[in-house]
Amino acid sequence: MNIVGAVQSLPILGRTQEIKPLQMEIVGLKAKRTFASESIDGFTSEKETQLAEEIVIQIDEDETIISHPVDAAGVVGNGDVLPLSIDETTSDHDLTSNQKFPEMAIFDQAIRRLSLSLSRRRSSLSFSTLSSNPLRVCVVGTGPAGFYTAEKMLKAHQGAEVDIIDRLPTPFGLVRSGVAPDHPETKIVMNQFSKVAQHERCSFFGNITLGSSVSLSELRELYHVVVLAYGAESDRALGIPGEYLSGIHSAREFVWWYNGHPDGKNLSPDLKSTDTAVILGQGNVALDVARILLQSTSVLATTDIASHALEALEQSSIRKVYLVGRRGPAQAACTAKELREVLGIKDLCIHINEVDLRLSPEDEEVLKNNRIHRRVYELLSKAAASAPSRPSSSQRELHFVFFRKPDRFLDSGEGSGRVAGVHFEKTMLKAFSHLMCLAQHLNRAVGPGKQIAVGTGLYEDLDCGLVLKSIGYKSVPVDGLPFDHEKGVVPNIKGRVLADTLGDPSLLEKGLYVCGWLKRGPTGIIATNLYCAEETVASISEDVHQGEIAYASTLPKPGRQGLLQLLDNRGVRVVPFSAWEKIDSEERRLGNLRRKPREKLTTYEDLLKAATE
């Protein structure tokens, strides 16, 4: 709930003084107030100096934060901005301080009411003076984790300056380049992130690569706090023979290709030479990829799918897609929503081996305790029961294959180096109690009641000309960053980066934090990053309040100004948010010509050109 007063011209001690708006913000259980003024002709009164303080009050959960005339002033919810009027004709000498500043009267009433409660119970009251040397924060990565971190920092630290940088000229990370083009409702969150980037204390800078444009050590010298939230831009490897044959791609590469990511434009998957594609994995990304391969291009043509991908799909020969998983339907990693969408594709024949749907006692326990897995299993069972015995000649096919793990990829044998199939080993599930030593050997976190897929020694081949590996994303380390290569994450405690991978909580990289996939691994949905960011920002706030992070007059840092100067000296072409808005406008204009939401610019050259026009 925000109340922002319009700028007023007030007579103060015989001089006309322009006062910046009063801001009172109620965020969760915190009441915050900021009032500042600008001097004219170098004049600053004592009263103005007092008003230039920021007060932060924290109270307990069951306490009413503020009950005063603000509620009667018409505040109706988050984000509403209402002017607070002040009579500009009233003489300064005719008013008491609270009459001169009715906003102050509102705040003073709240202070008095709260102080009575605060005197009776434990709480914290902290004062910080607005300074020319504020807390300077740099967030690396502009996906959900990065933007949620920036948003939480702006709310938690009034006066802090937050810069968000990204290696791409475009913001929003996987919301732009990872969310499927036929999921526009999921991309609405970009509107919220845009508001964060447009905040007066926040700046977005694109086309900045950590490690080449600027090093991590340089960022740490420029900012009090650096939060790494650049996600996972590589892929896990299977480590089996033939993995690098032509025709085998990661799902991440394929997703980038059809979503117009500039690093995916040149992928050019061969969709003409085969009618069969195998997707390894059964998570949401795997289902997205299967849906794009099988969906009618007339449906995709109305989305923001990249034009080069749409053209390739229109000429595709793919008629059969196999979704292959190591475990059974009771353990499928997808959500019911994603599964329902792919099962609902028109003129699609679904194949599921009914033997795979048989449940063990352990499976029944899984379904009993997990609503999501239970719903997924029910959808698969229903699809299997209603599937025709054989598809019609015009139908495309989707096969769900369970209890299989790839053993090696098969070469065409013609010297072309192309994949011709996958050699699978059949698997079975074993309870954790039977495989404790094996799980420890594989360094897998397996809890009681969990089951692991193990090989049975039985094999079978599946012919195909295209393989997409959807077995997990992988984060990439940068110089100067502790990194756990086994887990693919930065070692951390609640977002605080540890100095090594041994997990000693006393050895911290002061001022360095992580959020998102780099912090916890490539798991969860967009909203998961919200809670992840809250935890990291809470750690930052605790460290600031405990003096672990020194700033303001004790340790000023150049922050944004220093970064831009460094990049300018190196000839790095920085793309601010205003330039992204030009890109956005051009993409929408081009999309309108094709009756699409947008036509994405898919090369760095085109993106940077649009940014300057």
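The values are calculated or read from the model by the stated rules, or taken from the named source; none is laboratory data. In this text the structure is predicted, and so the values were computed from the model without any measurement. Cβ sites come from the backbone with ideal geometry, for glycine too, and all protein chains shown count toward neighbours. All accessible areas refer to the heavy atoms of the entire protein, side chains included, with ligands and DNA or RNA removed. Shrake-Rupley method; radii C 1.70, N 1.55, O 1.52, S 1.80 Å.
P(r) tail for region 152-294: Cα pairs beyond 23 Å make up 49% of the total.
With a 10 Å radius around each residue's Cβ, average the other Cβ atoms per peptide and rank 356-368, 399-411, highest first.
Values: 356-368: 14.9, 399-411: 20.0.
For the peptides 356-368, 399-411, the packing ranking is 399-411, 356-368.
Please report, in cubic angstrom per residue, the volume enclosed by the convex hull of the alpha-carbon atoms of region 546-602. Intermediate results must be reported in sequence, preceding the final value.
On the way: hull volume 8.6 nm³, N = 57.
Per residue, the Cα convex hull of region 546-602 comes to 151 Å³.
Taking a ≥ b ≥ c as the square roots of the Cα gyration tensor eigenvalues, region 320-414 comes out oblate, since a/c reaches at least 1.5 and a/b does not exceed b/c. For region 160-235, would you read off the P(r) tail past 14 Å as a percentage of all alpha carbon pairs? Everything past 14 Å amounts to 68 percent.
From most to least packed by mean Cβ count within 10 Å, the peptides 136-142, 573-579, 204-210, 413-419 give 136-142, 204-210, 573-579, 413-419.
Just to check, using Stokes-Einstein with a Kirkwood Rh over alpha carbon pairs, what's the diffusion coefficient of region 270-429 at 37 °C and 0.692 mPa s in µm²/s? Calculated translational D: 195 µm²/s.
As a test of the definition: which semi-axes, in Å, follow for region 220-349 when you take the square root of five times each eigenvalue of its alpha carbon gyration tensor? Largest first, please.
On the way: eigenvalues 149, 78, 62 Å².
Ellipsoid half-lengths, sorted descending, are 27, 20, 18 Å.
Estimated at the nearest 10 Å², the accessible area of I165 is 0 Å² with a 1.4 Å probe. Rounded to two decimals, the Cα radius of gyration of region 500-613 over 2.2 N^0.38 Å is 1.52.
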